[in-house]
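The structure appears below as C-alpha cells.
No value in this document is a laboratory result; all are computed from the given coordinates. Keep in mind it's a predicted model, so treat the numbers as computed, not measured. Every residue, glycine as well, gets a Cβ built from its backbone with ideal geometry; the counts of neighbours run over all protein chains shown.
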C-alpha cells in the first residue's frame, strides 16, 4: 500500500503528524507484544535445536563406538621389519609367531617384449603400430553358419581377403564359394562338394573388418582371451595405456632407452600367467623371463607354508614378506597385544561427547531468566547502538529453557542408563560400569556428567577387553544401545516441538504457533492502517472547520472595520 503524502496543521498550527504518531504508538502495543512473543518463540526453538544437534552427535558417537574394532584394537611388532612387517587384526590374540625362514617370495608372471619398426629403428612411445611388422590393420571377424543355408556378411567385402573353415577347423578352398558384394550373401559354387549350393552347418568365414588394430591377451585375472581395440593411428603409448587398464590384470612398463616393454600380471603366485595371440607375438619378440609366477614359501613355527601372495594372514595376524632369508640368519618374531591406550582413547572420546551434551542441557535448564529484558521492539532498537542491542539480547535470550521438563526428562533418562547397564560376566568385578572406572561421581553439582578413572579403566581393558566390550555394546543391557535409543527418542520429542534446521513451519508445533502469530500481526497491522487513516481524517476535518472559522472571522473583522 502506498503511503499518502499529508500536510497537517496548516490552519491550526498543530503538529498533526507527531500527535498521530504518539497515538499510534499506543495503538501498536498489541502488535509489539505479538512480535516479541514470536521472537521469544524463535529463540526457544533455536535453543531446542541446539540441544537436538548435540543429541544427534552423541547418537552418532554411540553408534560409531559400537564397532568391535574400537574395543579390540591391537598393537603389533616385528623383530626385523626389513624382512617381514605385520599388522594385527581385532580378533588376533595376545600371541606371537616365529618365522624361521623365507625360501622364496611370491612373484607375478613377467615377460619382456622387444621389437623394431619396419625400418629396424628402436621403438619409441610415439611409434605407430602400423609402422611395425606383424600388426595388420583391421580386426578379425568370424561368422559361422548355424542354419545350413547361406552366410550373411558385411557388404563390399573382398573375397580374396577371406578364409574359410569347416566345423572341425579344417581350411576350405575359397574358390568353392561366391560372395555378392551388393547383398553381402555368401553361397557355395561347388555343387559337387556342396549339393544344391547349400553351405553346411558349422562352416565359418573369417575376414578383416575396419582399419584399426586388435590385440588379444590372456592373464590369470581374465582367464580367457580378451580383446583390446585400437585406432589405425594408435601408438605404442596408447597400447601401453590399454594394457594398464584396471580390468586387464596387467601392469605394463615401457623403457624408452631400449624400446622394450615389461609386462607383469598384477596377481602373484604359481597360477599367475600371461599370454598373447599370434599376431601380437609376431609383432613383438615375446620373451619367457617368468611366464608363470611363483608362490611364496616360508616356515612358521617349524611348519612349511606356501601362499600365492607375499601378504598372508596367519593366526589373525597379517604379515608381509619383504625379503628371503635362511634359518641360519635367525628367525623373525612377530607379536600382537591389546592396544590399551587406543581402546581407552576410544571410550574417553565417547564419554567426552556425552559430558558435552549433559553440560549443554544443564546450562540450558539452569540458565538465569531476566524477565525484565523482553525482546526489543523496532522503535526500541532504533534508539540503541549495536553494542547496546547485543548486550540487551544476551539478557533477553537467556533462560529460554530454564526448568524445561522435556530437557530435564532427556537428561534423567540418559543418566539412568549408566546405572542400568550390566553384564553377565562371571567376573563379579566387571559387571557394572562403575567397577571399571565410569560413574556419575559423588558431586551432584556436575549435573550427572561421567567421571572417568583412567587407572581402573585401563586395568579392566588389559584384564578382559571382551567384558568391557559387552558392557558397552550388549543390545539388551549395554550402555551404547541404551544411550543411542535415549538420544533418538529425545530428539523425536524435541523435533515434534521445534523441528529441525530447514524444516517447514507446518511440520512442528512451534512453527505452527509462529505462523498463527504472523496471521494475527497481519490482521492487526491492517487495523492499525485503518485507525491511522481515521485519525488523519478527523484532524483533516478539524483543519477544515478551523479554516472556515478563520475565514468567517476575517470577513467579520473586515466588515466591522469598514463600518467605522
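Rounded to the nearest 10 degrees, the inclination of helix 405-420 to the longest alpha-carbon principal axis of the chain is 40 degrees.
Seen against the Cα atoms of the chain and their longest principal axis, helix 340-366 is set at about 20 degrees.
Full extension of the chain segment joining residue 246 with residue 454 gains 70.0 nm, where the gain is 0.36 nm per residue of separation less the Cα-Cα distance.
Available extension along the chain between residue 309 and residue 348 is 10.2 nm, counting 0.36 nm per residue and deducting the alpha carbon span. Altogether, the Stokes-Einstein calculation at 25 °C and 0.890 mPa s, with the Kirkwood radius of region 9-110 over Cα pairs as Rh, returns a diffusion coefficient of 108 µm²/s. Cα-based values for the chain, radius of gyration first and Dmax second, are 45.1, 157 Å. Helix-only arithmetic for the chain: the sum of -39500 (n - 2.57) across DSSP H runs with n ≥ 4, divided by the residue total, places the mean residue ellipticity at 222 nm at -13000 deg cm²/dmol. So how far apart, in nm, are the two label points at residue 225 and residue 489 if each is 7 Å from Cα heading toward Cβ? The answer from the label model is 6.9 nm.
Taking 7 Å steps out from each Cα toward its Cβ at residue 393 and residue 542 produces label points 3.9 nm apart. Annotation: extensible slack from residue 408 through residue 557 equals 45.4 nm (criterion: 0.36 nm per residue apart, minus Cα-Cα distance).
Kirkwood hydrodynamic radius computed over region 213-364 comes to 20.5 Å, based on all pairs of distinct alpha carbons.
With N counted as the residues of region 512-560, its alpha-carbon radius of gyration over 2.2 N^0.38 Å works out to 2.20. For a label point 7 angstrom out from the Cα of residue 126 toward its Cβ, which stretches of region 227-250 have the backbone nitrogen within less than 16 Å? It comes to 233-239, nothing else. Please check which bits of region 399-428 a label hung off residue 46 would reach, taking the label as a point 7 Å along Cα-to-C-beta and the cut-off as backbone N under 13 Å. Counting backbone N atoms under 13 Å from the label point, the list is 399-400. Site pair residue 275 and residue 512 shows an inter-label distance of 7.5 nm when each label is modelled 7 Å from Cα along Cα→Cβ.
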